[in-house]
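> Handing you a structure now.
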Amino acid sequence: MTFTQERTIADKIRIDFPLLHQEVNGKPLIYLDNAATSQKPQFVIDALRNYYQEYNSNVHRGAHTLSGRATDAYEAARDKVAKFVNAASRREIVFTRNATEAINLVAYSWGMNNLQPGDEIILSVMEHHSNIVPWQIVAQKTGAVLKFVELTPEQTFDLAQFQTLLSEKTKLVAVVHVSNTLGCINPVAEICTLAHQQGAKVLIDACQSVPHMPIDVQSIGCDWLVASGHKMCAPTGIGFLYGKEEILLSMAPFLGGGEMIAEVFLDHSTYGELPHKFEAGTPAIGEAIALGAAIDYLNNIGMEHIHNYEAELTAYLFAQLDKIPQIKIYGPRPNSQGEGRAALAAFTAGEVHANDLATLLDQEGVAIRSGHHCTQPVHRHLGIAATARVSLSFYNTREEIDVFIKALKDTLEFFSSLLN
Ligand code: C6P
């Protein structure tokens, strides 16, 4: 499909997102902070509202009609997630609050119980804090050792160095699929094959890939994969853990309480079947149902379609940013089709601080993120304290990029006039 046709589609679906149609600081909102959280289509907002207006009830407990309706909708959402990532079974999908909680679930349930002093965990320097801190806690408790994959000269995952770190001591590899800062797309299937040859397990942080491209956990071959609903058009407070069934079966519960038990005696309990063993307490029912609606919405557009359109926007974004001499973008270059990296650009602009840039762009209605994006180690690795980051979604348009670029140029001119 050509760019012009794709743009027509983006323009068409923008109507679905009520939040986008407002002014901020007297200017039309240009929302370019999608890696932090995506906006929600009316279809998803309605799914959440309908649950509360029509059938709010607890799940898996009540014999009454509303509880049955809520349970059916909640479990249907699990089926949708399972199909969306091509899990072999619905039992492999555990609802969590977000990706962070999903990683902590694996860290506490699997890491704390399976790692010994001297065992090695391989992470990369580009990980989000949520895929570093839990493993630091596990390493401190178990005596396991953390090793870090560094960057190639193109600022991508260094697969060759990764291979030098791998050994029979490696018990876990936990890496991000798409970096929220560098935008690189890591070779996760190859990482899994190499890690499995050493008998290590692999966790993939797919927060920034699941919303933007088709994901198939079976072809990736990972043992666990995590994502957050709020980055994929769903509400906050809901995310999921995919785990291979035989591994989830072998893992101890993370949290204890209602919902996750089979029988409770005064001195011990037996646990429920998968995935309920990992879902203690009343879950985020409406949010899970709305995640299911978000998946329906994304599927209706098509993940291939979303990926291709965002790639074309990426090519356009880079072409425009390249024309501004002070701008230095981190991570790999996209090819001429915008492929080969994610639809985001974290950049510095000479001496101008990222926070000042973001603040002045906000005055023009343009929302971007600035700071360390919860990836302090990779910023430190690159010798920078902060970057400004623009991150795109399928509802963004080329015209919005033009407004952003104009506001960026004006802001940089303003700062240079202050210095002269
Ligand atoms: N990144 C960003 O602006 P939670 O907070 O659990 O929903 O997601 C954590 C997380 C984990 N991994 C990656 C790669 C991420 O990008 C994020 C969230 C946001 O980049 C907020 S810091």
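The values are calculated or read from the model by the stated rules, or taken from the named source; none is laboratory data. All of these numbers come straight from a predicted model, not from anything done at the bench. Cβ atoms come from the backbone with ideal geometry, glycine included; neighbour counts cover every protein chain shown.
> So which residues in the range 174-202 are aliphatic (A, V, I, L, M) and farther than 21 Å from HIS373 by Cα? Don't jump to the end; show me each part of the working.
Applying the first criterion (aliphatic (A, V, I, L, M)) to the range 174-202 yields 174-176, 178, 182, 185, 188-189, 191, 194-195, 200, 202.
Listed by number, the residues that qualify are VAL188, ALA189, ILE191, LEU194, ALA195, ALA200, VAL202.
> Scan the range 247-266 and tell me whether some residue there is hydroxyl-bearing (Ser, Thr, Tyr), touching an Asp or Glu at 6+ places or on another chain (Cβ under 8 Å) and at pLDDT 95 or above.
Initially, the range 247-266 is screened for residues hydroxyl-bearing (Ser, Thr, Tyr), giving 250.
When the remaining residues are screened for being touching an Asp or Glu at 6+ places or on another chain (Cβ under 8 Å), the result is none.
No.
> Just a yes or no: is a residue in the range 87-109 at pLDDT 95 or above, of a type in the set (A, V, I, L, M) and over 16 Å from PHE278 (Cα atoms)?
Yes, the range 87-109 contains at least one residue that is at pLDDT 95 or above, of a type in the set (A, V, I, L, M) and over 16 Å from PHE278 (Cα atoms).
> Restricted to the range 306-322, and to residues that are charged (D, E, K, R) and touching a residue at least 24 places away in the same chain (Cβ under 8 Å), which residue is surrounded by the fewest Cβ atoms within 10 Å (Cβ to Cβ)?
Taking the candidates together, the pick is GLU312.
> Here is a follow-up. Look through GLU364, GLU399, GLU339 and report the one residue that is acidic (Asp, Glu) and buried (at least 16 other Cβ atoms within 10 Å of the Cβ). Steps first, answer last, please.
Working: GLU399 fails: buried (at least 16 other Cβ atoms within 10 Å of the Cβ); GLU339 fails: buried (at least 16 other Cβ atoms within 10 Å of the Cβ).
One residue alone meets the criteria, GLU364.
> If you don't mind, another one. Just to verify a result, which residue in the range 122-158, among those that are touching a residue at least 40 places away in the same chain (Cβ under 8 Å) and part of a helix (DSSP H, G or I), is nearest to the ligand (Cβ to nearest atom)?
Applying the filter and picking the extreme gives SER130.
> How many residues are within 16 Å of the ligand (Cβ to nearest atom), within 13 Å of LEU298 (Cα to Cα) and among the aromatic types (Phe, Trp, Tyr) when one looks only at the range 8-45?
First, the residues of the range 8-45 that are within 16 Å of the ligand (Cβ to nearest atom): 31-40.
Next, from what is left, pick out any that are within 13 Å of LEU298 (Cα to Cα): 38-40.
Now narrow it down to the ones that are among the aromatic types (Phe, Trp, Tyr): none.
Selection size over the range 8-45: 0.
> Could you please give the count of residues in the range 159-185 that are within 16 Å of the ligand (Cβ to nearest atom), without any contact (Cβ under 8 Å) to a residue 60 or more places away in the chain and hydrophobic (A, V, I, L, M, F, W, C)? Please lay out each step first, then the result.
Step one: of the range 159-185, the residues within 16 Å of the ligand (Cβ to nearest atom) are 173-185.
Those still in the list that are without any contact (Cβ under 8 Å) to a residue 60 or more places away in the chain too: 173, 175-177.
Subsequent filtering for residues that are hydrophobic (A, V, I, L, M, F, W, C) retains 173, 175-176.
Qualifying residue count, the range 159-185: 3.
> Quick one: in the range 72-116, which of the residues that are of a type in the set (Val, Ile, Thr) and within 14 Å of the ligand (Cβ to nearest atom) is surrounded by the most Cβ atoms within 10 Å (Cβ to Cβ)? Spell out how you get there, then give the answer.
Taking the range 72-116 as the starting set, the residues that turn out to be of a type in the set (Val, Ile, Thr) are 81, 85, 93-94, 96, 100, 103, 106.
Cutting the leftovers down to within 14 Å of the ligand (Cβ to nearest atom) gives us 96, 100, 103, 106.
Working: THR96: 25, THR100: 21, ILE103: 28, VAL106: 26.
Looking at the filtered set, the residue picked out is ILE103.
> What are the pairs with Cβ atoms under 8 angstrom where one residue, in the range 194-211, is within 15 Å of the ligand (Cβ to nearest atom) and the other, located anywhere, is polar (S, T, N, Q) and not in a loop (DSSP other than H, G, I, E, B)? Sequence gap at least six, or different chains.
Short answer, once both residue conditions are applied: LEU203/ASN131; ASP205/SER130; ASP205/ASN131; CYS207/SER228.
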